[in-house]
Structure formats: structure tokens, C-alpha cells
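Novice: Just dropping this structure here.
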There are 2 protein chains.
Amino acid sequence: MALRAADQAFAERLRAALPDLWLGAPEPRYLEEPRGRFTGQGGYLAKPRSTAEVSALLRVCHAEGVAVLPYGGGTGLVSGQVAEDLAPLILSLERMTAVRALDADAIVVEAGMTLQAVHEAADSVGRRFPLTLASQGSAQIGGCLATNAGGVNVLRYGNARALCLGLEVVLADGTIWNGLSRLHKDNTGYDLRDLMIGSEGSLGIITAASLKLVVPPVEEGAAIFAVPSPDAAVELLGLAQGRLAGCISAFELIAKQGLSFLREVGPEVQFPFAEDPDWMVLIELGLPAGVSAQEAFADLYEAAGERVSDAVIAQSEAQRAAFWTLRESLPLANRRIGAISSHDISVPVSSIATFIASARAMLEGMGDYRINCFGHVGDGNLHFNVFPAKGRTRDAYENQRDAVKRAVHDLLVQRFEGSVSAEHGVGRLKVGDLETYSDPAKLAMMRAIKAALDPKGILNPGVVLRAEGK
Amino acid sequence: MALRAADQAFAERLRAALPDLWLGAPEPRYLEEPRGRFTGQGGYLAKPRSTAEVSALLRVCHAEGVAVLPYGGGTGLVSGQVAEDLAPLILSLERMTAVRALDADAIVVEAGMTLQAVHEAADSVGRRFPLTLASQGSAQIGGCLATNAGGVNVLRYGNARALCLGLEVVLADGTIWNGLSRLHKDNTGYDLRDLMIGSEGSLGIITAASLKLVVPPVEEGAAIFAVPSPDAAVELLGLAQGRLAGCISAFELIAKQGLSFLREVGPEVQFPFAEDPDWMVLIELGLPAGVSAQEAFADLYEAAGERVSDAVIAQSEAQRAAFWTLRESLPLANRRIGAISSHDISVPVSSIATFIASARAMLEGMGDYRINCFGHVGDGNLHFNVFPAKGRTRDAYENQRDAVKRAVHDLLVQRFEGSVSAEHGVGRLKVGDLETYSDPAKLAMMRAIKAALDPKGILNPGVVLRAEGK
């Protein structure tokens, strides 16, 4: 069924149905995405204040056949928040930021709250919401859940899906599903919560969520270990898991190339070693009472033998923060250099080293590139990004981009059974990849579920699955 | 659409399509369930040897409109494995028990393997598959996943859903979905894995699974703490989490009534205290290298003050095993006593104590009962079971059963926003409860998904959702 544009006639109808709704022209920021590859079309922007308003709004859109494009913090990297071929109703929940409930076990928040604000609310009761992203100051919790966001603490605490106890969702026809459970266990029927999480707004609009809080570990610390190779990094992880199972909060691989980019274009950071090693891992521990993080790191260093060539153990909170600033500056430096092709991929943990070596060898045969590979070793999740040779810009590589992307993905899927999107989602950017690399039965099931829950296809059309008739 | 019986004509057609398939009359055990409340009807039993056979079998059933009833280890407690009003094709995967792949990170197994056998395979590579159930010697991994099984280690490692990386599933029409991913992170589309897990065979037949393995903690130990009340147990958990975050593997509440039942009807166990305390918690810790479990328990005991009245810390592996034997004997003693009504419920952790007190007070006003309440404090999951007064049998209470069940569930849902099935699932036993207590939008979504993935309704009809026309 063809969708109609969110035009003036539609806006008038919507205003008539919801006289108190904030409705207007979208500012440019609602039509852009961080990598600057896509620009959205106008349409209208709505900023409802309540779940009831979202419901009433969806009822009108459903009746009129108007596409609804949910917009969170706008930090997504796969163009889930921008549609080039529609003039949709852009739906921002930025005015829905209430904390509906808070105790030591869970927090119930509205979808427009930033991840940072959720962290602060959890801190206020001595607890922690462990989902941590570089973009948490602007990323909204609704978007984090819609995209099943990951980040640096997945190894210990899981991704957004694992941290959510329940959802309130407005369905395509305006029906409100109250699934705001605060239960840790509930086996009454199909897992609709996890189906909605990661569906990128294509099955329903998340308006509120009940989130798991955790008790912060008594003793925390960070260290950067220099390792000779990715293989040594994976072995070090195994060794650390054997000694410190359950206490490793993060285990991040960093390549020399990432530090070179930081030295080249900034931002300014403190470098841990006088001479940048080929590979490093940033390790964060959260330990029980009575165990010193510094001693645990020292013991691990000793046990690691030749797997580790050098180490810096944070001696203060400031130094620990500096390590994380370094880690979180990597994507910004990457953006300043300008990638030819960025890959948010995952492989089985045991294949990390082989994949990196194989992909590097393959690309060396294809052209003159720099590769910056970093990521979450414990999750098998690498950000494998391909950049121009020094002194050149990505424009010079425009005609190689598709070939690079295709070659990396083919290698990844065909030889390593990997994923072409480990944590960023599908958005509009990777719809074609999904069609190319997914099991056909999976795609058929996804289409059947989309048709069952959103038969008119008004919810974020073109995201995850190709819109009908495209 | 009406389903037809798996009669002789159907069996002949199936034999013609799959001449090598084991097909015969089901022995009585395939028609029974542990609590003896339901008895299945005959039909035929098929024992395929491969996913290809399951697929071919489903194709025939789909074409003929014959119901398929998946049967795992038969240990489920909600009659998901027995249908009284159908003569279905019973499908047992007991011959599909291969380990398809095994390394330090993951194991890929066929669905008919027992949970115990999965544990042993994991042990053989120095790893652990942490899903632990009293029935693990007969429960099959396919059934554990289909019902999203829980158990005593959910607090640390999550339930079956959290421990599964990927699935191979045969859909209603025989299509095979190869989703046997060994990736820890994959954000390419809807979460079909978690949708299948917990769908109790009503959306697809799980034929194989890729499972997460964990590194066993270096130092493990168990203790039983006597506590004055459930409230003190919850406070003790909070205290333990503050000191030992990430290292608490189990935290099980046990009531004096449970020990009284064991003393009354067995099985024989070692009792931890000379005089049974009103309430106990069995705590299991898994700690990093260099930390002694006995010392951690001693420190916790000291910090607990009046929250704990006595404690026994296991001094040997044998004593630790004896603690767990005690815990795992509770359900057997319960069965020997014979419950009037059993409730596998969950509430927010902070409501555990108030729920127990309220339910007890309510039941005292209704009649002469004994209550045995035990369960997983950290998950908010209680097994709240109501028994006859001493010297009486449950037959004398037959006419009170529905009222007791209804009163407990009403209290639970209306006052505590709890779940009427925390870990056992819905099966056929709780379909009515789901209809009574679920959000209508949830039920409508579930029905839409069932219709989309199994339009003829042949997969385990009547489980989770009422079968069409019933």
C-alpha cells in the first residue's frame, strides 16, 4: 500500500485531532545523520508530551497511511533516523523525559530521557545503569533500546536488550502495550520485549522502559596492556577470564593506528606509552570487597608472560578516566580522518585474530589503505575501518568504497560466519547487506512479523526491511 | 481451520514420504506429565534422526493439517508436552544428540541432548554451561530452550534465553531456519532467536542450538545462612551484592516448612542446623583468584549483623554438595506431600517479603493450609506452594483448589504486578491465566505472530494461546 506524505492537509487533520500537540517544521538537525551520507526530507515534526498523545497521533497516521519516523538522539550510524525518499511525520519524544519510578532494583523512565540522565538518576540511589556509549549525552534511552545499543560494558552486563526489564510501546494502530514489567523473570508468553528491542522503530514506538540497575563493584580499576598481536589479546582475555571470571567489566582492543590518528588529528589525549605499541587492550575490572584492582592487574601481568610486553595500571581515578577518554576519542579521530568504509562486525571470539590478519592481507592486495581496527574483544565485536593512505582523502577512493565493503563483508560472512552489524543495527544503510547475507528463512519470518504487526507499513518504513514496492 | 488426527491414513502417507523415519505408537510415558494432572491421547510418535527428516515430516504435517506435539524430556510442569483433546503426531528428537561443534567459547548441540550431557561436554573443555535444573538428567536442551528454563544460577548467568547464541529451527511448513550463530553480538534484524525461545514449540521446532560457555570461577563455595525473615533475606542479598557484585552465583530462599516436609516424607538429607530456623538462604559464590570463599562468607556473616542468626559455611566439596542436595530435594518432598496449588511466581525483588506476608495472611483467612515457599531471591522468583494441613490429603481440598489459585494470582497481579509464571512457562495449564491477567495488546500481538508464522496452527496447538475454536 502506498504511503502518503505528511503534507499540510495531513497536518491540519492531526492538529484537529490533537489540538495541544507540538507540531511544526523540522529543524535541519532532524534531517541529518552523523556520517553525513543521507539527508532526510521535510514533512512535519511532532513532539508529543505523553504516551496518550503518541497513541492518538499514531491512530491518525494509521488511518491516513502516513509514515512515522521515530527520531531519538540522532546518534545512530546506519541512517535509521533519516529517510531520503519520504516526507514522513518525524516523531521526537524529547519532551517525554520523566522518571516514573526508581528504586534500588529498577528504574522506569520515559523514552526521551538521555542515557546520561538515566546514569545520573541511577547514581542518585547508589546504583548503576551499565549501558555506556560515547554518545550518551545525546543518545536517548528509547533509541538505545530501539537499536539494541551495545558499547564497552557488554562483556559484563550485556547489551541494551539484556538490561531492559519491560517496555511500554505504542503499536502501529495506536494501541498501547503496557509491558512495563519490573520483573527479572517472566515466562508468560512470547518475548515481545526483545522483539521490539532492536526493531529500530519498525514494529512499535517505545514510549517508556523499565531498566535493570546494578550494584557498582566496591573496587574498580583500569589498565592498558601492550600486546604483540590480536592473538595475544584473545589469549590474555582467556587468561583473565580464568582468574577473574565475572569481574571483567571491559576488555577493549586498540590498534597503534588509532593512536597515530589521534596524534595526527586529535582530539588531544594522554598517550599511555612513550612509544605506541602495535596493539593494546584497555581492561576495566570491578572486584569484590577486599581485592585490590592494582594487585589483580599486577598478578595478571605476571601470569601473562610473553602475551604482554608492557602495561600501565591506573594509579588514580584521573588516570583511569584518561584511559577511557583515549578509548572514546578513537571514533572522533576516525571521523576527522574520514573512512572509506566502516565495518561494525562480529566474529566468534576465537576467530578475531585470524579475521584481522585475513582482512588486512586481502586489502593489501586491493590498494593503498590504512586500517584502524578496535573494539570489544570479549564480544567478538570489531570496528574494522578502512582509511585512505596518508596524505590522501577519502574522495579519491570514492569508486573503491563498494568493492572494499563487499570484499570485507564477503570474507566476514563466507569464511568466518560473522555479522555485518554487531551493534549499530541495520537502519537504511545495511538493508541490502541483510538481503545479501541473511538466511532467507530469517528474512521471510521478519517480513511476516512486520506485516502482522504493522500491516500498512507506516512505522519507520525502509528501515531493517526494504519498504514495499522499493 | 480444523486439524485432523494423526490417524493410520496419515501415518501411511508419512511413511511413504519418509521411509526411514522411526514412526510408531507412543509408549505411555509420552502421554503423561510429572504432576499427573493431564493424560495425552494416542496418535503416533516420530523419532527423526536429522534436521532434514524433521523438515520433511513438518512438510507432510503442514500439507495434511496434522498437529505436531514436540516432546523433550517430559519434565515440564505446565502440560506443554501433553494434549488431551488431540491425537497429534508426537515428535521426539531423542535420537538427535550430536555435538556439532565445541570450543572454549561455545558448543553447538542437537536438541535431543540432555542438559546433563551438555554439562559434561562443556566440562570436557574446561568450561561450564551454567543452566542448572533439578531435572537435568532427563530434560533435553531443546525443551529447556523452548520453555526458556531458569533454575538456580539465573542470578549470575541468566536463563536459557541469555545462554543461547543461536538456533536451528524447523518452521511450520518445513522450512529450515539456520540461525546457528556463534556470535555474542549480532544486530542484524529482529530477535527471532528470543522469540523462538520460550514459545514452547508453538512457533517452530528447535532442532539444534549454539550455547554460550563460561569459564568456571577459580574459587567456589557455598553456605547456608539462617535469617529471621524473608525481609532479612532480601536485605542480606543487597548487602552481598554491595560487597560481592558479580560473584554471587546463587541465592536461594528456603523455608522451615520445606525442611519439615523433608523430615516428614524424605528423601533423606543432611540438615544444616540442629534446630530448623524459620528461614534460610543457600548462597553460592564464585570468586576471582586469591579470594577465599570461606573468608568471603565469614566477612559477609560479620557484616550482616542481626540480619543473620546463624550460618554454616561448607568446609568441603562434600558439604557443599549436601547443601545443594537439600535444595534440590525440596520439590520431591513437595510432590510427596501433594500440593493443593503450586505457584511459580515472580514479583519485584523489593516486594518479596511483603508478598509472602500478604499471601500468608490472606490464606490464613481462607482455610487450614501449610505453605512452603522457596525460590530464587535475586530473580524475585518464588515457588509459593499451598499444601493440606498436617494429617489431611489434597483430595479433601479439591473444591478449594480453584479459589486458592485465583486468590493467590489476583493478589500477585493486582497488588504486586507479578507474573503467574516466572520460569515454568504457560503450557496448557496456564492459558486461562494468561487470558485473565495479560495486557490485551500483548495477547493480540502474540496471536498475530502465531498466525503469521504458523497459519494452519499445527505447532503444539493449545499451548501458550488457546487453539482456534476452543
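Novice: Could you compute the net charge surrounding residue B:273? Neighbours are other residues with a C-beta less than 15 Å from the C-beta of residue B:273; K and R count +1, D and E count -1.
Specialist: Working: positive: B:256, B:263, B:327; negative: B:275, B:276, B:278, B:310.
Summing Lys/Arg as +1 and Asp/Glu as -1 gives -1.
Novice: Going highest first, how would you order B:326-336, A:28-38 by mean Cβ packing within 10 Å? Present the calculation step by step, with values, prior to reporting the outcome.
Specialist: Details: B:326-336: 18.9, A:28-38: 14.7.
Ranked from most to least packed, the peptides come out as B:326-336, A:28-38.
Novice: Counting pairs of alpha carbon atoms under 8 Å apart in space and at least six apart in sequence, what relative contact order in percent does the stretch A:338-424 give? Could you put the intermediate results ahead of the total?
Specialist: Values: 129 pairs, mean separation 39.5, N = 87.
It comes to 45 percent, rounded to a whole number.
Novice: Given an 8 Å cut-off on Cα distances and at least 6 residues of separation, report the relative contact order of chain A as a percent.
Specialist: On the way: 967 pairs, mean separation 74.2, N = 470.
About 16 percent, as a whole number.
Novice: So in the protein assembly as shown, what percent of DSSP beta bridges are antiparallel if you round to the nearest 5? Present the calculation step by step, with values, prior to reporting the outcome.
Specialist: On the way: 121 of 139 bridges.
The antiparallel proportion sits near 85 percent.
Novice: Another question, then. Counting DSSP beta bridges with both partners in chain A, what percentage is antiparallel, nearest 5? Please list the in-between numbers first.
Specialist: Numbers: 60 of 69 bridges.
Restricted to chain A, the bridges split so that about 85 percent are antiparallel.
Novice: When we measure straight from the Cα of residue B:256, which lysines land under 17 angstrom away, once same-chain ones fewer than 8 places off are left out?
Specialist: Residue B:256 reaches B:390.
Novice: Can you sort A:431, A:125 so the residue with the fewest Cβ neighbours within 10 Å comes first?
Specialist: Values: A:431 20, A:125 13.
Going from least to most buried by this count: A:125, A:431.
Novice: Residue B:95: net charge of surrounding residues, Cβ under 11 Å, Lys/Arg +1, Asp/Glu -1, itself excluded?
Specialist: -1
Novice: Placing the label point 7 Å from Cα along the Cα-to-Cβ direction, what are the distances from residue B:15 to the equivalent spots in the other copies, shortest first, in nm to one decimal?
Specialist: 7.6
Novice: Let me ask another. Working from Cα positions, state the angle (0 to 90°, nearest 10) between the long axis of helix B:352-364 and the longest principal axis of chain B.
Specialist: 80 degrees
Novice: Averaged over its residues, how many other protein chain Cβ atoms are within 10 Å of peptide B:201-211's Cβ atoms? Intermediate values should be presented prior to the final figure.
Specialist: Numbers: counts 0, 2, 2, 2, 0, 0, 0, 0, 0, 1, 0.
That works out to 1 on average.
Novice: Can you list the chymotrypsin sites (Phe, Trp or Tyr not before Pro) in the stretch B:394-470 that are in a DSSP coil and have 13 or fewer other beta carbons within 10 angstrom? Please list the in-between numbers first.
Specialist: Details: sites: B:397, B:416, B:437; in loops: none.
Qualifying residues, ordered by number: none.
Novice: Something else now. I'd like the FRET efficiency for residue A:362 and residue A:336, computed as 1/(1 + (r/R0)^6) with the beta carbon distance as r and R0 of 22 Å, rounded to 0.05. Provide the component values of the computation, followed by the final result.
Specialist: Details: r = 26 Å, r/R0 = 1.18.
According to the calculation, E is roughly 0.25.
Novice: For residue B:361, place a label point 7 Å from Cα along the Cα-to-Cβ direction in every copy; what are the distances to the other copies, in nm, shortest first?
Specialist: Computed spacing set for this position: 7.2 nm.
Novice: Which of the lysines could a cross-linker span from residue B:450 if the Cα-Cα distance has to be under 18 Å and same-chain partners fewer than 8 positions apart are dropped?
Specialist: Leaving aside lysines fewer than 8 places away in the same chain, those within reach of residue B:450 are A:442, A:450, B:430, B:442, B:470.
Novice: OK, next. Report, in degrees rounded to the nearest 10, the 0 to 90 angle that the Cα long axis of helix B:8-17 makes with the longest principal axis of chain B.
Specialist: Orientation of helix B:8-17: about 80 degrees from the principal axis.
Novice: How large is ³J(HN,Hα), in whole Hz, for each residue of the stretch B:49-66 in order, when computed from phi with the Karplus curve 6.51 cos²θ - 1.76 cosθ + 1.60 and θ = phi - 60°, using x for Gly and Pro?
Specialist: 9, 8, 4, 4, 5, 4, 4, 5, 4, 5, 4, 5, 4, 5, 5, 8, x, 9
Novice: Relative to the first principal axis of the alpha-carbon coordinates of chain B, what is the inclination of helix B:317-337, with its axis defined by its Cα atoms, in degrees from 0 to 90 and to the nearest 10?
Specialist: 70 degrees
Novice: Further question on the same structure: Using 7 Å Cα-to-Cβ label points, what is the residue B:7/residue A:310 separation (nm, one decimal)?
Specialist: Those two pseudo-labels are separated by 8.2 nm.
Novice: First measure r as the distance between the Cβ atoms of residue B:125 and residue A:220, then evaluate 1/(1 + (r/R0)^6) with R0 = 30 Å and state the FRET efficiency to the nearest 0.05. Before the final figure, lay out the partial values.
Specialist: Values: r = 31 Å, r/R0 = 1.03.
Efficiency at R0 = 30 Å is approximately 0.45.
Novice: Just need the relative contact order of the stretch B:99-212 here, percent rounded to a whole number, with Cα pairs under 8 Å and 6+ apart.
Specialist: So the answer I get is 31 percent.
Novice: Quick one: pull the percentage of alpha-carbon pairs in chain A with a separation above 38 Å.
Specialist: Of all Cα-Cα pairs in chain A, 26 percent lie more than 38 Å apart.
Novice: While we're here: Output, in nm with one decimal and in ascending order, the distances from the residue B:120 label point to the matching label points of the other copies (7 Å from Cα along Cα-to-Cβ).
Specialist: Spacings between copies for this position, smallest first, are 5.7 nm.
Any read-out appearing in this document is the output of simple, stated calculations on the displayed coordinates, not a laboratory observation. None of these values were measured; they are calculated from a predicted model. Don't worry about glycine lacking a Cβ; one is built from the backbone with ideal geometry, like all the others, and counts go over all protein chains shown.
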